[in-house]
1. Mind checking which residues of segment 146-169 are open to solvent by 70 Å² or more (accessible area, probe 1.4 Å), in contact (Cβ under 8 Å) with a residue 12 or more places away in the chain and in a helix (DSSP H, G or I)?
2. Which of the residues spanning segment 104-126 are outside any helix (DSSP H, G or I), on the phi < 0 side of the Ramachandran plot and among the acidic types (Asp, Glu)?
3. How do the strands (runs of 3 or more DSSP E) wholly within segment 33-103 filter down when requiring 1 or more residues that are among the small types (Gly, Ala, Ser): which remain?
4. If you scan segment 128-145, which residues turn out to be surrounded by 15 or more Cβ atoms within 10 Å (Cβ to Cβ), more than 18 Å from Val89 (Cα to Cα) and touching a residue at least 24 places away in the same chain (Cβ under 8 Å)?
5. Just need a number here: residues in segment 17-48 that are open to solvent by 50 Å² or more (accessible area, probe 1.4 Å) and either farther than 23 Å from Ile94 by Cβ or of a type in the set (Ser, Thr, Tyr) (or both).
6. What residue, among those in segment 53-71 that are modelled with pLDDT of 90 or more and open to solvent by 60 Å² or more (accessible area, probe 1.4 Å), is farthest from Asp100 (Cα to Cα)?
7. Regarding Glu2, is this residue at pLDDT below 85 and surrounded by fewer than 16 Cβ atoms within 10 Å (Cβ to Cβ)?
Amino acid sequence: LEPVKIAIGITKGTNIKSVDLHQINNRIMEIPGIKNASTRRLANGDLIIKTQQHDIAAQWSDGVYYYPLSFDGVKIEKPTTERNTNTIVFQGPIPDNLTDIINSLSSISEYIDYVNMVESRRWNIHTKNGTTIYLPENNTPMAVNKINVLNQTHKLLSREIEIIDMRDNARILVKTRK
């Protein structure tokens with residue numbers, strides 16, 4: 001709320017009828033996390049300002065800071081050094097189909113440390129216990145579903161596994177830790 005008050009920029013004694021609503025709206029839209037804003041003046045001179053914030057779906061990290069990501073893939077320029085433990089963290093390019101990927105990963109999200117793009121073609125999942133899952137270029141949701149089923153039946157993500165390679169559709173390769 002405070003950033004919006006600052007962006008409005010009206011102080012005591014300001015003639016409300018001379019305030020440029022378009023400029024106020026533009027300043028509000030520059031606030032990180034604001035998706036939409038509307039400003040209107042009532043006949044009595046009061047201003048009505050409505051804002052809509054982005055819904056946070058995940059976080060993106062450069063390795064140091066964590067940035068909120070909206071469901072439509074917008075990186076919100078409000079970095080923090082604190083990781084939100086309830087969201088999936090992405091590194092590398094922000095996926096175009098962020099919502100689809102988050103939905104597919106939600107079944108195993110409690111095990112995920114972060115997800116990163118490899119060679120602009122496919123994703124790797126890095127788990128909290130050190131396992132790296134190489135996902136195929138195509139049909140990421142199906143591969144994640146396979147991991148989820150294997151985890152439910154064999155506790156796959158709780159084992160001492162270094163790599164789970166799912167890039168070949170015909171088989172899954174597993175490399176255990178030494």
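The values are calculated or read from the model by the stated rules, or taken from the named source; none is laboratory data. A quick note: this is a predicted structure, and the numbers were derived from the prediction, not measured. Cβ placement follows ideal geometry from the backbone for every residue including glycine, while neighbour counts extend to all protein chains displayed. Just so you know, the surface numbers come from the protein's heavy atoms only, side chains and all, with ligands and any DNA or RNA stripped out. Shrake-Rupley method; radii C 1.70, N 1.55, O 1.52, S 1.80 Å.
1. The answer is Lys146, Ser158.
2. Asp113
3. The strands (runs of 3 or more DSSP E) meeting that bar are 34-41, 56-61, 66-70.
4. Hit for segment 128-145 is Pro136, nothing else.
5. 15
6. Ranking the qualifying residues of segment 53-71, first place goes to Val64.
7. yes
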